[in-house]
Amino acid sequence: MSQPIVNLEAIIQDPYDLAVATARTCYSAKGIIRVPQVRSTETARVLRDKISHSTRQAGHLTTRQHAHFVFSLDKVSRNFLWSFLHSHPFYNSEQVSQRYVKVQAGNYTVPPLKEKAKTIYEACIHRQMETYETLNQVLYPHAQAEYLKVFPIRSKHLDTYAKVIRKKCFEVSRYVLPVATHAYLYHTI
């Protein structure tokens, strides 16, 4: 199986200086302190470092929340998203939707397991993927019938709405997918 791919896509320029500029602005009678001001001279840089240290020691950490780092992640498991990325207090993620995008077989994480455990693990994953495929097929006529109850006039052009109906099936079927299923996303901290 392939390894996860992580790229740093974008950052707030000068996050350290920005954090100090925001901290200085909190106590400024002169208005907004700009990033260039906190590093313009040796005296300003000494003050910058002192303020950075003192705000961290005092727990005034909101100043650091202005700095953002945007990563793209590919081939990471849904379990990684839920158990690690989403356990942080300040983040934003935009990940591939299992509700609207069909999950392809073979896109899952395999942890380092001994051969026997790996065989059992992969058999379980394959069963879950087969169940996902079966559910998508079994649910389709029911989803179509319910869809046409809401939009009866669309029965004349069913081929036009097949994709929408199929997505309704994905939305239900996703609950049998393994938590090891790969996802790709943008993640900002």
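Determine, yes or no, whether residue 149 is assigned to a helix (DSSP H, G or I), surrounded by fewer than 14 Cβ atoms within 10 Å (Cβ to Cβ) and out of contact with any helix residue (DSSP H, G or I) (no Cβ under 8 Å at 6 or more places or on another chain).
Taking the combined requirement at face value, the residue satisfies it.
If I filter the range 67-83 for residues that are of a type outside the set (A, V, I, L, M), modelled with pLDDT of 85 or more, farther than 22 Å from residue 178 by Cβ and in contact with a helix residue (DSSP H, G or I) (Cβ under 9 Å, 6 or more places away or on another chain), do I get at least one hit?
Within the range 67-83, one or more residues are of a type outside the set (A, V, I, L, M), modelled with pLDDT of 85 or more, farther than 22 Å from residue 178 by Cβ and in contact with a helix residue (DSSP H, G or I) (Cβ under 9 Å, 6 or more places away or on another chain).
Looking only at residues that are part of a helix (DSSP H, G or I) and among the acidic types (Asp, Glu) in the range 21-78, which one is farthest from residue 7 (Cα to Cα)?
Step by step, filter the range 21-78, then rank; the result is 42.
Return yes or no: is residue 3 touching a helix residue (DSSP H, G or I) at 6+ places or on another chain (Cβ under 9 Å), loosely packed, with under 14 Cβ neighbours inside 10 Å and closer than 28 Å to residue 185 by Cβ?
No, not satisfied.
If only one of 47, 113 is free of Cβ contacts under 8 Å to residues at least 60 places away in the same chain and assigned by TED's automatic domain parsing to the domain that holds residue 172, which one is it?
113
The values are calculated or read from the model by the stated rules, or taken from the named source; none is laboratory data. Since the model is a prediction, treat every value here as computed from it, not as a measurement. Cβ: placed from backbone, ideal geometry, glycine included. Neighbour counts: every protein chain shown.
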